[in-house]
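Scroll down for the structure; my scribbles are underneath it.
The values are calculated or read from the model by the stated rules, or taken from the named source; none is laboratory data. All values reported here derive from a predicted model rather than from experimental measurement. Virtual Cβ from ideal backbone geometry, glycine too; neighbours counted across all protein chains shown. Each accessible area value is taken on the protein alone, full model and side chains, heavy atoms only, with ligands, DNA and RNA left out. Shrake-Rupley method; radii C 1.70, N 1.55, O 1.52, S 1.80 Å.
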Amino acid sequence: MKILVGVKRVVDYAVKVRVGANGVELKNVKMSLNPFCEIAVEAAVRLKENKAASVSEVVALSIGPKQCQETLRTAMAMGCDRAIHIHTDLRGDYMELQSDSVAKLFQKVIEEKEKDVDLVLVGKQAIDSDCGQVGPMLAGYLNWPQATFAAKIDLDGDGLMVERETDQGTETIKIAKLPAVVSCDLRLNEPRYATLPNIMKAKKKKIDQFQADEFDVDLTAKNKVLEVFEPPARKEGITVDNVNQLIDKLKNEAGLLQ
Amino acid sequence: MSSSFLYKSKSLLSHCKLGRMHDKRTIPMRFIFQKNHASTLVIAEPSSSSSSSSEAMSSLMPATLSAISAAQKLHSGPITILSDKAIDTSSLPSAVTSVLHIGASSSGTPDKDKSLCGSLLVAENVSAHIQQAQTLYSFSHIIAPATKFGSNILPRAAAILGMSPITDIIEILSNDTFVRPIYAGNALAKVQATQNVKLLSVRTTAFEKAAVDGSPAATVINLMEEKQVPPPQTLTEFVKENVSSSDRPDLATANVVISGGRGIKSAENFALLESLADKLGGAVGASRAAVDAGYAPNDLQVGQTGKCVAPELYIACGISGAIQHLSGMKDSKTIVAINSDRDAPIFQVADYGLVDDLFKAVPELTRQL
């Protein structure tokens with residue numbers, strides 16, 4: 001089985017972002033591997049470690065500026081065998097490069113560069129754009145079966161048994177055979193920390209470089225971002241001293257608890 | 001469903017090209033909406049398995065009602081529902097002019113039908129139904145609630161139709177301009193769709209549910225009977241579901257939510273919150289920290305991963321207020337925070353903050369109500 005894992009470089013989850021004139025300020029802001037992509041990498045590496053899956057190799061793919069190579073090195077330190085970097089300076093946080101173009105670039109990689117991919121693993125969403133579209137869109141372009149919000153992935157004959165999150169709880173679906181696209185949710189696994197020896201080994205692993213515009217993909221945003229602004233601030237709240245006061249405020253000020 | 005039924009729909013009469021209406025099989029399904037007319041297809045949220053699936057006709061889920069009220073803000077053209085089952089016209093908001101469904105119903109053994117119905121609802125099949133409906137009717141807008149279901153099917157449908165979807169919309173400014181959150185809701189993006197078909201999903205907490213005042217003249221078309229349903233694909237199959245049932249209101253739509261965080265310290269202590277929730281007729285929620293620690297099951301999780309809620313009253317107990325938790329509840333009308341740490345970030349969004357030990361405050365609050 002050959003696995004392709006999507007890996008996105010995003011603003012670190014702990015950063016409190018600020019909105020500037022041209023969108024969210026990214027200058028000097030700490031960037032990290034998207035937490036859900038990290039879960040996807042971990043899922044790929046665990047499948048590789050499972051002899052029954054017979055994984056030949058795990059290839060990480062990232063689209064973005066040259067610093068994506070650091071993100072790819074992290075993915076390789078976790079266990080990906082090699083990586084592909086598609087270079088573009090277009091902003092990937094919804095402002096310029098959007099999910100449809102990203103999914104089409106993935107499709108080009110699968111159809112033209114890595115022709116025998118059996119499984120694509122991506123995170124359920126990137127925490128900057130919060131779109132959650134690349135997984136299901138790629139499945140649609142390729143006409144491959146899909147499983148989104150995967151909480152558990154098991155091998156099942158030639159295919160997969162996936163337990164996925166739903167609004168009521170979870171459901172289990174069976175994908176009869178590969179290839180398929182799976183997007184990974186929070187509960188799928190807890191990603192490993194890259195050990196120092198693996199970080200050193202990752203420096204020697206291969207990263208193939210391409211330019212985004214060398215693929216025949218329209219990279220323009222079909223949905224134009226006209227403006228980015230901060231949400232309206234909540235009216236400042238007050239502190240109450242005890243439960244009695246709280247109940248009083250809720251009843252008489254907030255008009256609740258009648 | 002006799003073809004004469006179609007005559008009764010006022011919206012159809014004004015637009016349809018008359019075919020051989022007396023022949024049941026030649027229904028003027030094409031050209032019902034003139035090209036270039038604005039019209040919207042709303043993808044109905046499937047009914048949960050806990051609701052009675054033995055009814056041949058069902059009613060609409062709250063998430064669908066929110067999507068319909070969002071659809072009303074797009075334009076004044078017709079609104080069509082795409083559903084797996086027929087919907088009784090008395091269960092429709094008056095804004096809905098037609099229903100397209102694939103005739104799913106329960107007959108025979110429950111397990112077999114659950115599997116069949118479940119398989120009909122996998123993304124591969126639903127997006128094929130959407131594609132077929134679009135071929136027949138050329139909608140200008142296709143809208144789904146931004147639930148796990150909608151988020152699963154809409155992007156795939158968009159890819160098949162060659163469109164770039166806009167998801168998790170919280171405000172509709174016009175038929176092509178919308179607002180959606182990015183960066184866990186710490187920034188909002190005003191975005192304009194430039195393609196001719198707009199595929200959209202809407203955050204249900206941002207749109208009031210449309211009133212179910214009935215649409216007696218609405219047309220209900222069984223696409224399966226009209227042989228307009230592509231054969232179901234067989235690669236992906238529904239196996240089973242794990243649904244936690246509860247007598248408490250559903251977390252996503254409850255008016256009151258009592259939520260617990262790491263400060264609850266154990267699964268047993270969650271009973272304190274349950275007592276308060278029962279007193280207030282509310283639902284129970286949890287932060288990611290509480291779920292990770294095993295204090296609560298993960299379908300109670302509120303946050304960027306997890307449910308987005310906007311109840312009248314949200315009481316956060318022992319929750320510090322991480323960015324990711326706030327993004328799932330900061331649109332609540334009134335927020336109360338009970339935490340012994342006065343520096344907890346949750347107090348920055350709370351309308352009423354009580355710095356106290358929740359193990360004293362919560363039982364006292366329950367007692368006094």
Subject >> Check on B:Asn298, within 10 Å of chain A (Cβ to nearest Cβ) and either open to solvent by 10 Å² or more (accessible area, probe 1.4 Å) or on the phi > 0 side of the Ramachandran plot (or both) >> reply: yes
**OP:** Determine, yes or no, whether A:Ser62 is under 30 Å from B:Asp168 (Cα atoms), touching a His at 6+ places or on another chain (Cβ under 8 Å) and polar (S, T, N, Q).
**Re:** yes
**OP:** Go through region B:232-283 and give me each residue that's among the hydrophobic types (A, V, I, L, M, F, W, C), in a helix (DSSP H, G or I) and closer than 30 Å to B:Ala67 by Cα.
**Re:** B:Ala277, B:Leu280
**OP:** Filter region B:310-322 down to the residues that are crowded, with 24+ Cβ neighbours inside 10 Å and assigned to a loop (DSSP other than H, G, I, E, B), then identify the one that is nearest to the chain's Cα centre (by Cα).
**Re:** B:Pro311
**OP:** Pick out the one residue from B:Ala283, B:Ala350 that is open to solvent by less than 10 Å² (accessible area, probe 1.4 Å), within 8 Å of chain A (Cβ to nearest Cβ) and touching a residue at least 24 places away in the same chain (Cβ under 8 Å).
**Re:** B:Ala350
**OP:** For A:Ser32, indicate whether it is open to solvent by less than 40 Å² (accessible area, probe 1.4 Å), among the hydroxyl-bearing types (Ser, Thr, Tyr) and either touching a residue at least 60 places away in the same chain (Cβ under 8 Å) or touching a His at 6+ places or on another chain (Cβ under 7 Å) (or both).
**Re:** no
**OP:** Report yes if some residue within region A:183-191 is within 19 Å of A:Gly64 (Cα to Cα), outside any loop (DSSP other than H, G, I, E, B), at pLDDT 95 or above and within 22 Å of the chain's Cα centre (by Cα); otherwise report no.
**Re:** no
Subject >> Count - residues of region A:152-165 that are crowded, with 19+ Cβ neighbours inside 10 Å and either under 19 Å from the mean Cα position of the chain (by Cα) or β-branched (Val, Ile, Thr) (or both) >> reply: 5
Subject >> Failed condition for A:Leu196, given (1) open to solvent by 40 Å² or more (accessible area, probe 1.4 Å); (2) within 30 Å of B:Ser47 (Cβ to Cβ); (3) more than 8 Å from every other protein chain (Cβ to nearest Cβ); (4) of a type outside the set (D, E, K, R) >> reply: (2)
**OP:** Among the residues of region B:123-151, count how many are among the aliphatic types (A, V, I, L, M) and open to solvent by 20 Å² or more (accessible area, probe 1.4 Å).
**Re:** 2
Original post:
Right, B:Glu237: within 7 Å of chain A (Cβ to nearest Cβ) and not hydrophobic (A, V, I, L, M, F, W, C) or not?
Top reply: yes
Subject >> Residues (over 17 Å from the mean Cα position of the chain (by Cα) and within 9 Å of chain A (Cβ to nearest Cβ)) located in region B:163-178 >> reply: B:Met163, B:Ser164, B:Thr177, B:Phe178
Original post:
Considering region A:89-104 alone, what residues qualify as being of a type in the set (Asp, Glu) and either part of a helix (DSSP H, G or I) or on the phi > 0 side of the Ramachandran plot (or both)?
Top reply: A:Asp100
